[in-house]
Each structure stands twice: as structure tokens, then as C-alpha cells.
Amino acid sequence: MPAVSSIPIPALHRADVLVIGGGVMGLWAGVMALRAGLSVCLIEASRIGAGASGGLLGALMPHMPDRWNEKKALQREALVSLESEIARIEAETGLSCFYRRCGRIMPLLRPQHVERALRHGEDAAQNWPVGHVWRFEAQPGIEGWPDRAGAPAGIVVETLTARLSPRALLGALDARLRADPHCRVIEDDPVRSLDAQEGSALSASGLRLGFSACIVAAGVESFPFLAEGLPSSAPPLGQKVKGQAALLDARIDPALPILFADGLYVVAHENGQVAIGSTSEEQFADPASTDEQLDALIARAVALAPGLAGAPVIERWAGLRPKAIGREPMVGRHPDLPRLFALTGGFKISFGIAHHMAEAVVGEILGRPMTLPQPFLLATHMSLARTGGKTRA
Ligand SMILES: Cc1cc2nc3c(=O)[nH]c(=O)nc-3n(C[C@H](O)[C@H](O)[C@H](O)COP(=O)(O)OP(=O)(O)OC[C@H]3O[C@@H](n4cnc5c(N)ncnc54)[C@H](O)[C@@H]3O)c2cc1C
């Protein structure tokens, strides 16, 4: 009689698409795959929104309207199409994402900034969607938003920027997935190993998951999964950049535009709360802690918008943004492993583009030509790593 192994082989659970990661990228990937008629298993190491996506800001800001290129055009399309995508998810789930095209105000500090602002106005007229403007105004039109002292040379007002509630969007996407009989969502179970040749993954709890295609959307943890085939001397495919943000119970008008000044975001949300962010830290000891750098941001926000003074800080939060080696998002099929796909590296703009990137990856899985620019492709990032490329600052 042959010897019987005492180690049980876990049963194989199969789906057309395995999505690793329950952040904004992974959730949109699941939704797009289901819409395309594919079955989906989404597996999340912790809980939905445990990574960078579970934050506070939700700003959806376009790139500058000058020096127009393919990348800026793609983001413009994504920001425009997001509005109807969100309306669709809201209609399907009955849940609000608290989306609003609120626009943005940028204070100008020096007279020479005015000329540039006027030039950008012409660029926006040429490159932005019809009806959206980038406009110089000599002084703030909304009292205290920003304070005149913070905008000595006037302000720029632009109308393309929007915002949403990150957690509400994740909740709606999650609900959309769970309501679909062709989708399984697993939480609290990290993927430990991936065999992209064979088409299977093993989770920490011992689940064996079979797939035809695997989309790696594990945020900052994506890079090692995707590095297969790179020499051990190659630099990592991406890095972790910490960000801190705060939420104030400011009880202000939710329709106020986002204030944006030199890396500082002040975002009014639908419930009158205000999110303030964000630090950008490449060196840090504790990814989850907040510190005096966040206090300084809050102080800057209060100086810019004095109406926020005294508003209780109801949450302090930190997360790790995925920054790919080539700086652009990292998307698409692995050059040597046809079942393996990347969907990460959104760095500071994931919420505005995730639906668009996810749709492109699902299209590629279905055999459609990849429509995203070359610098976004996983293959491009891998070539950069092969030649020892460093992430640009
Ligand atoms: C302070 C701050 C402010 C920001 N503000 C904005 C903003 O205003 N607008 C904007 O567009 N972007 C903003 N960003 C950036 C944005 O949050 C990120 O780019 C985005 O959330 C990345 O989404 P993701 O799905 O790629 O990764 P994540 O949200 O990090 O999701 C990855 C998920 O994968 C899971 N995971 C990891 N390893 C495994 C594994 N082995 N198995 C299974 N699951 C795994 C993680 O638990 C996590 O939930 C901000 C980021 C920070 C930190």
C-alpha cells in the first residue's frame, strides 16, 4: 500500500480573476472584471481599505494644463469619466460616495506668479474639457477661503477638480462586489505565495486559490510579487512614501473648493468636516504614526483659512503610498508571465485614475490591445529596474 501523506493538500478554489488587495485599485479591478463577465476572487490581507486607500482626503486634482502630453490627456479622460462611473456604482448599491466637482483655489504669493497663472488659463482653454477653466482672480471671492493675507498676489480658481469620500467609495465598491454571485471577497488573509505559471496562490490561512489571471493590487506590497524574473541585484520595483493627514470637525460649507498651496490640501467634505494633508516622507520609522509634521500642516491650514481655528481634530491618520520605480502608475501584463498583471503605483493620484487603469487591465486580460501609455506598463518599469534605474524624486 502506498504511503499516505499526513499533510492535507488544501482544496483549490477557482476564479477567472484573482485580485490581490482591497484598496481602491483592487476594488475597481474586481468591478471591471465582473462587468466583463469574469468571475472574481478578491483577497485582502487585513480589511477592505486597510492600506493607503482608507484615508481622509479624496482629492481628484488634474495635472497642470501646460506642457500637454499623453499622460495628462489620460488623467483628464479618467477624471471626466469617473463622474459617471461613480453615479453608476451609487445607483447599483444605493450608497453615496459623496462625490462633488468642487473645484480648487490656489493662492498666489508673488506678482510674477500672476503672469504664469494667466498663461495656464490659456493652456487650460486648449487642453481641458470644454466648460472647465483655470482663471486668475485678483482677490479671494469667498471671505476667508483663503484669507487675503495668504494670497497677496491673488488666486487661481479652477473648476475641473473634484473630491469624494475615500471610505465611502471603498464601501460602495465593496458592496457592489459582495452583491454579485460571481464574486468572493476574502478578508484577513494575506496571500503568502503566488505561482503565476501554474495559476495558483496560497494564503496565510491555507486557502489555495486558482486563477486564469491574477491582478496584483496590493499597494506598497505589490512590488515583490511582480519582481519575478528580475536579477537579485535589481533595485526594488517601487518604494513606500508615507503620508499623514487629519480630519477636523469644522462644520463648514461642504461646497467649498479645495484649497491647495505648496503641497497643503484643505478639503471640505459633504458632512462639513475638513481633511488636511499631506506629508510626503521617504524616510520614516513608523508607517502608522502621526507627529509634529502633521501639527505643522494643520497650523498652515488654519493660517490659510482662519475659520478652521479651534475646530476639533477628530482623526489623525497615516498611510503608505505606492511609488513605482518609473514614477508613473505600474499597470498591465508581466512580460514573462502571461497570467500575471500589475495594478499599482498610483502614488498620489490613484483615486482619479483607478477605474480607468482597472478597465485597461481587464481589457488586456480579455485580449484587447493595451491602451495605456508605455511609461505606465509593468514591462517598462521592469526594464528600468533591469538597468538599475532609480525612482526619480
Ligand atoms: C496621506 C495621504 C493622502 C492621500 N491623498 C490622496 C488624494 O487626495 N487623492 C488621491 O487620488 N490619492 C491620494 N493618496 C494616495 C492614495 O491613497 C493611494 O495612491 C491609493 O490609496 C493606493 O491604492 P492601492 O489600491 O494601490 O493601495 P492600497 O490602498 O494600499 O491597497 C492595497 C491593499 O492590499 C493589501 N495587501 C497587501 N499585501 C497583501 C497580500 N499579501 N495579500 C492580500 N492583500 C494584501 C493591503 O492590506 C491593502 O489593503 C493619498 C495617500 C496618503 C498616504
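The values are calculated or read from the model by the stated rules, or taken from the named source; none is laboratory data. Everything quoted here is computed from the prediction, not taken from an experiment. Neighbour counts are summed over all protein chains in view; Cβ atoms, including those assigned to glycine, are modelled from backbone coordinates with ideal geometry. Quick note on the areas: whole protein, heavy atoms, side chains included, nothing else; ligands and nucleic acids left out. Shrake-Rupley method; radii C 1.70, N 1.55, O 1.52, S 1.80 Å.
Structure above, values below:
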quantity: Neighbours by Cβ (under 6 Å, 6+ apart or cross-chain): first from region 19-33, in contact (Cβ under 8 Å) with a residue 40 or more places away in the chain and closer than 15 Å to Gly345 by Cβ; second away from the ligand (no atom under 11 Å from the Cβ) and part of a helix (DSSP H, G or I); calculated: Trp28/His355
quantity: Residues that are surrounded by 20 or more Cβ atoms within 10 Å (Cβ to Cβ) and among the polar types (S, T, N, Q), drawn from region 201-214; calculated: Ser203
quantity: Hits in region 215-230 - residues which are surrounded by fewer than 23 Cβ atoms within 10 Å (Cβ to Cβ), at pLDDT 95 or above and more than 11 Å from the ligand (Cβ to nearest atom); calculated: Ala227, Leu230
quantity: Region 338-347, residues that are open to solvent by less than 10 Å² (accessible area, probe 1.4 Å) and either more than 9 Å from the ligand (Cβ to nearest atom) or not assigned by TED's automatic domain parsing to the domain that holds Met370 (or both); calculated: Leu340, Phe341, Ala342
quantity: Residue within region 56-77 that is farther than 24 Å from His132 by Cα, part of a loop (DSSP other than H, G, I, E, B) and within 16 Å of the ligand (Cβ to nearest atom) present; calculated: yes
quantity: Sole exception among (1) within 16 Å of the ligand (Cβ to nearest atom); (2) at pLDDT 95 or above; (3) within 22 Å of Leu372 (Cβ to Cβ) for Ala36, by number; calculated: (1)
quantity: Which listed residue, of Phe341, Phe260, Phe284, is without any contact (Cβ under 8 Å) to a residue 60 or more places away in the chain, more than 17 Å from Leu74 (Cα to Cα) and of a type in the set (Phe, Trp, Tyr); calculated: Phe284
quantity: Residues of region 39-55 satisfying the condition of being within 9 Å of the ligand (Cβ to nearest atom) and surrounded by fewer than 23 Cβ atoms within 10 Å (Cβ to Cβ); calculated: Ala45, Ser46, Arg47, Gly49, Ala50, Gly54
